[in-house]
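Values in this text are rule-based calculations from the coordinates and carry no lab data. Everything numeric here is computed off the predicted structure, so don't read it as measured data. Cβ sites come from the backbone with ideal geometry, for glycine too, and all protein chains shown count toward neighbours.
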Amino acid sequence: MKELFLKVLDSNMNSCNGGSMKWTLTKNITVKGKIKICKNGIHLTLDPKSWSGKRIFIAQTNKVYDFQEDGIKAVCRTAKLLLELSPNQLKTYDEGRAPLLKTYKEGCAPLLKTYKEGCAPLLKTYKEGCAPLLKTYNEGCAQLWKTYKEGCAPLLKTYKEGCAPLLKTYNEGCAQLLKTYNEGCAQLWKTYDEGCAPLLKTYNEGCAQLWKTYDEGRAPLWKTYNEGCAQLLKTYKEGCQTILSKIMDGSL
């Protein structure tokens, strides 16, 4: 199905919003590879003011892979330019598009409000459920860290006191004391790390289950919001394309 959009180019008809293509009227331009919006493909628009450039053209494509952001961005594999808009034609388009965009946004607003209000208690439950789990984790690790530091303190004291009288045989004596200190602290760190691990596991598993509950509750709300906005976006897109079609045939 052929669809009409707009393409914004520089004064020499080159892409100027991240691309490097040279365009010619009525000539098909094709992009290879996997088409993904913002990554790879020919990007068209229904909102030319959101793009930089000097010249605006009506462009035609046979297939749109993705269409989003209030019509700011559409991506396709192949497109061609049909007509450059004059300032008066652009003004006509903008004036016709404005009420369509207003209707779209006003229609989406209560849908978004319903989605947010539905998510709010679910998110509150998630956060409140995670809070005591995080507290337990932090308190458990704090105690383990205290044990680690208290265990290292006498080892460091022994190391320092042992080194003091060993000035003449400093290297040999201190090396052994340092080895004892490091080995003692290593064992204490291992105890700390092993103690924290199950606490972190309990915290992560608890929050994961809470997040799953939140996500499952949110999913139907998001679906309702998306489906409602998708229909509004479709109406908006079709209205804009009708204006472009009328500009093409001279009836506007």
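A few points about this structure:
- Read-out Rg/Rh (Cα atoms, Kirkwood Rh), derived from the coordinates shown; its label in (1) 1.34; (2) 1.02; (3) 1.14: (1)
- Net charge of the neighbourhood of residue 61, taken over other residues with C-beta under 9 Å away and scored Lys/Arg +1, Asp/Glu -1, is +3.
- Only Cα pairs under 8 Å and 6+ residues apart enter the sum, and on that basis the relative contact order of the range 114-252 stands at 40 percent.
- Mean sequence separation of contacting Cα pairs (under 8 Å, at least six apart), scaled by the length of the chain, corresponds to a relative contact order of 22 percent.
- Taking only alpha carbon atoms, the range 107-231 gives an Rg to Rh ratio of 1.41, where Rh is the Kirkwood radius.
- Label point distance in nm, residue 94-residue 112, each placed 7 Å from Cα along Cα→Cβ: 2.3 nm
- Distance from the range 217-235 to the range 22-75 (C-alpha centre basis), Å: 24 Å
- FRET E, pair residue 231, residue 186, Förster distance 41 Å, beta-carbon r, rounded to 0.05: 0.05
- Each residue, residue 14 and residue 216, gets one label point 7 Å from its Cα in the Cβ direction; the gap between the two is 5.6 nm.
- Links that overshoot a 24 Å alpha carbon limit, given the list 190/212; 49/223; 27/73; 39/73; 36/234: 190/212; 49/223
- Added length on full extension, which subtracts the Cα-Cα distance from 0.36 nm per residue, residue 169 to residue 128: 8.8 nm
- On full extension, the segment bounded by residue 70 and residue 201 gains 42.9 nm, given 0.36 nm per residue less the C-alpha separation.
- Other residues within the sphere of radius under 13 Å centred on the Cβ of residue 155, judged by their own Cβ, net out at +1 (K and R +1, D and E -1).
- In terms of the mean number of neighbouring beta-carbon atoms within 10 Å, the peptides 233-242, 58-67 order highest first as 58-67, 233-242.
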